[in-house]
1. Length gain on complete extension for the stretch S63 to E24, per 0.36 nm per residue less the alpha carbon to alpha carbon distance?
2. Calculate, in whole percent, how much of the Cα-Cα pair population of the chain lies beyond 18 Å.
3. Helix 30-49 sits at what angle to the longest principal axis of the chain, using alpha carbons and giving 0 to 90 degrees rounded to 10?
4. With angles folded into 0 to 90 degrees, how steeply does helix 13-26 sit against the dominant principal axis of the chain? Use alpha carbons for both and round to 10.
5. Accessible area per residue, 1.4 Å probe, Å², for the chain: what's the number?
6. Grab the alpha carbons of the stretch 23-64, take their convex hull, and tell me the volume per residue in Å³.
7. Keeping the other protein chains in place, figure out the carbon and sulfur percent of the accessible area of the stretch 28-70, with a 1.4 Å probe.
8. Looking at the chain as a GNM with Cα springs under 10 Å, which of E24, E59, E46 has the largest mean-square fluctuation?
Amino acid sequence: MKKNYVFKLKLNEEMARKLSYVSEKEGLSIQNMLVQLVRQKVQYFERVKGNVQKNDQQEADLSLFEVEEQ
């Protein structure tokens, strides 16, 4: 089974409204826009500091996430 990791994001009202506005104008759901932004940040990090190796990924703390099985 594939696992998805879910987390809660807290924003103040102004930022939530801006996020909603921008995602709508970009033609994306908020979920898809945030996933795209995370991918871009990871790609930037790896370009600047090198690829995140599998053993480093295994050390990552996922306790902040809820697991959703599909």
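1. Details: separation 39, 0.36 × 39 = 14.04 nm, distance 3.12 nm.
Gain on extension, S63 to E24, equals 10.9 nm.
2. Numbers: 1385 of 2415 pairs.
Cα-Cα pairs of the chain separated by over 18 Å account for 57 percent.
3. 40 degrees
4. 90 degrees
5. Working: 6800 Å² over 70 residues.
For the chain, the per-residue accessible area is 97 Å².
6. 85 Å³
7. Numbers: 2060 of 4050 Å².
On the stretch 28-70, the fraction of accessible area on carbon and sulfur atoms equals 51 percent.
8. Per the Cα network of the chain with a 10 Å cutoff, E59 tops the list.
The values are calculated or read from the model by the stated rules, or taken from the named source; none is laboratory data. Here the structure is a predicted model, which is why all the values come from computation and not from measurement. Don't worry about glycine lacking a Cβ; one is built from the backbone with ideal geometry, like all the others, and counts go over all protein chains shown. In case anyone asks, the SASA skips ligands and DNA or RNA and just uses the protein heavy atoms, side chains included. Shrake-Rupley method; radii C 1.70, N 1.55, O 1.52, S 1.80 Å.
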